[in-house]
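Right, one structure below, let's go through it.
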Amino acid sequence: MYTLAPLPYAYEALEPHIDATTMQLHHDKHHQAYLDKLNAAVENHPELAALPIEALLKQLPAQVQTLPADIYAALRNHGGGYANHNLFWEILTPGGAKEPNGELAAAIATAFGDMAGLKTKLVDAATKQFGSGWAWLVVDEMGKLAVYSTPNQDSPLMQQHQPLLGIDVWEHAYYLKYQNRRPEYLEAVWQLLNWDVIAARYLTTR
Ligand code: MN
């Protein structure tokens, strides 16, 4: 059984950028629903249930021919949703470093010029993602930083990339406060990114 960790801060901790009602619904209802459906999907597959969620998502594409189609789809959608939200709560904070330092700062300078260059790429990917999905900063298979978006709950882990940060651009993430104004929500999320955590995640990939 996979489990839902409590938020690492209070529902209202990210105000005024993200409102408490959105946080409560997003964690207690949406994230919980992904978890419940993931657990239902692995109920009769103990070999899958035994895997850490990251390992399950990494090996999922190799199982597209062998798993029953409904189980494959459930793992992709709900396993992805479970893992993506675990990461999302982790990389947001009401405090924390506003910019990375050390190795991640150097890698960002190499890949994007500077933090403004990264922000432009990330906001662009998030804005242009049609419909529901996520925008990502990842370490790719060559060990390089990359920015892109994925549809639905697809995770970079499904293409063997390590996500450093992910921004949820499903409407449930912002509609109560921002309605259709996705760019305003993205600006708010940028203010909340916990670069201490993101830089530490980067070090684990080196
Ligand atoms: Mn979400």
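Every read-out reported here was derived from the displayed coordinates using simple, explicitly stated rules and does not represent laboratory data. Computed from a predicted model, the values in this text were never measured in an experiment. Counting neighbours? That spans all protein chains shown, and the Cβs are built from the backbone with ideal geometry, glycine included.
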Below 28 Å, Cα to Cα, which lysines can LYS37 reach? Residues fewer than 8 away in the same chain don't count.
LYS29, LYS58, LYS177
Which value at 222 nm does the chain reach when only helices count, each DSSP H run of 4 or more adding -39,500 (n - 2.57), with the total divided by all residues and rounded to the nearest 500 deg cm²/dmol?
-13000 deg cm²/dmol
Residue separation times 0.36 nm, minus the C-alpha to C-alpha distance between GLU187 and VAL64: what's the value?
40.6 nm
Separation of the stretch 11-47 and the stretch 136-178 by C-alpha centroid, Å?
17
By a straight-distance test (C-alpha under 16 Å), which lysines pair with LYS128 as possible cross-link partners, with residues fewer than eight away in the same chain excluded?
LYS119
At 7 Å along Cα-to-Cβ for each site, give me the label-to-label distance between ASN152 and ALA33 in nm.
1.5
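Test of the criteria: in the stretch 38-142, which trypsin sites (Lys or Arg not before Pro) are in a DSSP loop and have at most 15 other Cβ atoms within 10 angstrom of their Cβ?
Working: sites: LYS58, ARG76, LYS98, LYS119, LYS121, LYS128; in loops: LYS98.
Sites meeting the loop and neighbour criteria: LYS98.
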Give, in nm to one decimal, the length gained when the segment between ASN101 and LEU25 is fully stretched (0.36 nm per residue of separation minus the Cα-Cα distance).
24.0 nm
Angle between the Cα long axis of helix 102-112 and the longest principal axis of the chain, 0 to 90 degrees, nearest 10?
90
